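Novice: Next up is a structure, given as structure tokens.
The values are calculated or read from the model by the stated rules, or taken from the named source; none is laboratory data. Just so you know, these numbers come straight off a predicted model, no measurement behind them. With ideal geometry, Cβ positions are generated from the backbone for all residues, glycine too; neighbour counts draw on all protein chains shown. Heads up: the accessible areas ignore ligands, DNA and RNA and are worked out on the full protein's heavy atoms, side chains in. Shrake-Rupley method; radii C 1.70, N 1.55, O 1.52, S 1.80 Å.
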Amino acid sequence: RLGVTTSSLQWLGEQLDTLKQGLEGAEIALHEFTEEHSNLAVSLDDQQNIVASTLDQLSTQLNTTRTRRIELAARLSALKDANDEDPLKVFATPIMSNAAVGHLRERYRTLLTERDSLTVNLGEAHPKMAAITAQLETIKRELRGEVDGLIASAQSDLHEIEQVEKGDQQAFDAANRLGVELSLQEITYRRLQRERDNTSKLYGTI
């Protein structure tokens, strides 16, 4: 019995030395991992909460920007489609709501009425008819210029919002990658913690 007890004590002593080395190794591994990832100065739970909140904000911002970009693209398309030769056939909302365009359309309509009236009394070849026709052509050019200006402005606005959307998307992707990285860090960190705790418990038991 004494021999068995002695052998058991020797075996336990060897196991104790082995476990002590394992515990020291587990503690060092956990420490080195924490040192390597300086962000662990803040708890992973807190970091993940921050990232989740950031992702939510960026997602809302990205959706708002994307909606605005779609609206501006539709506006530009309507302006291009409405750039008609006949000022009275332009019905696109962005054009109709423009004060300068409205003024030109009214002048154009007035001159058309005047020309129709003079045609009956003076005929097509009368100098006054030629003058009114020239004025109508001038208004057409001015109207085309106004519409082209609206198109250029819409193109500029669309380009700007596209750049904003691109930046929002990049920020969202970066935050998403950070969230994935934190999840991977948490897996490794929890594993190292379990190894240390389990080794510590077994060491204490031995």
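Novice: In the full protein assembly as shown, how much of THR113 is accessible to a 1.4 Å probe, in Å² to the nearest 10?
Specialist: My reading of the accessible area for THR113 is about 90 Å².
Novice: Any idea how far apart LEU55 and ALA130 come out in nm if each label point goes 7 Å out from Cα toward Cβ?
Specialist: Those two pseudo-labels are separated by 7.6 nm.
Novice: Then there's this: Work out, step by step, the length gained on full extension between SER43 and ARG141: first 0.36 nm times the residue separation, then minus their alpha carbon distance; give nm to one decimal.
Specialist: In short, 28.6 nm is gained.
Novice: Same structure again: What's the whole-number percent of alpha carbon pairs in the range 1-82 lying beyond 20 angstrom?
Specialist: Percent of Cα pairs beyond 20 Å in the range 1-82: 70.
Novice: Run through the range 106-196 and list the GluC sites (Glu not before Pro) located in a DSSP loop whose Cβ has at most 14 other Cβ atoms within 10 Å.
Specialist: GLU124
Novice: Relative to the longest principal Cα axis of the chain, at what angle does helix 2-36 sit, 0 to 90 degrees, rounded to 10?
Specialist: Orientation of helix 2-36: about 20 degrees from the principal axis.
Novice: Treating the chain as a set of equal point scatterers at the Cα positions, no solvent, please give the Debye-formula log₁₀ I(q)/I(0) at q = 0.08, 0.13, 0.19 Å⁻¹.
Specialist: Those come out to -0.60, -0.89, -1.20, one per q.
Novice: Just tell me which lysines come within less than 22 Å, Cα to Cα, of LYS80; anything on the same chain fewer than 8 places away is out.
Specialist: Cross-link targets: LYS89, LYS140.
Novice: Show which lysines lie in cross-link reach of LYS201 when reach means a straight Cα distance below 25 angstrom and same-chain residues fewer than eight apart are skipped.
Specialist: LYS20
Novice: Between the range 15-77 and the range 134-201, how many Å separate their Cα centres?
Specialist: 19
Novice: ASP81 to GLN163: FRET efficiency via 1/(1 + (r/R0)^6), r the Cβ-Cβ distance, R0 22 Å, to the nearest 0.05?
Specialist: Here the calculated transfer efficiency is 0.30.
Novice: Tell me, what are the semi-axes, in whole angstrom and largest first, of the equivalent ellipsoid of the range 105-206 as set by the roots of 5 times the Cα gyration tensor eigenvalues? Display every interim value, and only then the final one.
Specialist: On the way: eigenvalues 1391, 18, 6 Å².
Those come to 83, 10, 5 Å.
Novice: At 222 nm, what value in deg cm²/dmol follows for the chain if DSSP H runs of at least 4 each add -39500 (n - 2.57) and the sum is divided by all its residues, to the nearest 500?
Specialist: For the chain, the value works out to -32000 deg cm²/dmol.
Novice: Further question: Remind me, relative contact order of the chain in percent, using alpha carbon pairs under 8 angstrom and six or more residues apart?
Specialist: Averaging sequence separation for qualifying contacts and normalising by length gives 41 percent for the chain.
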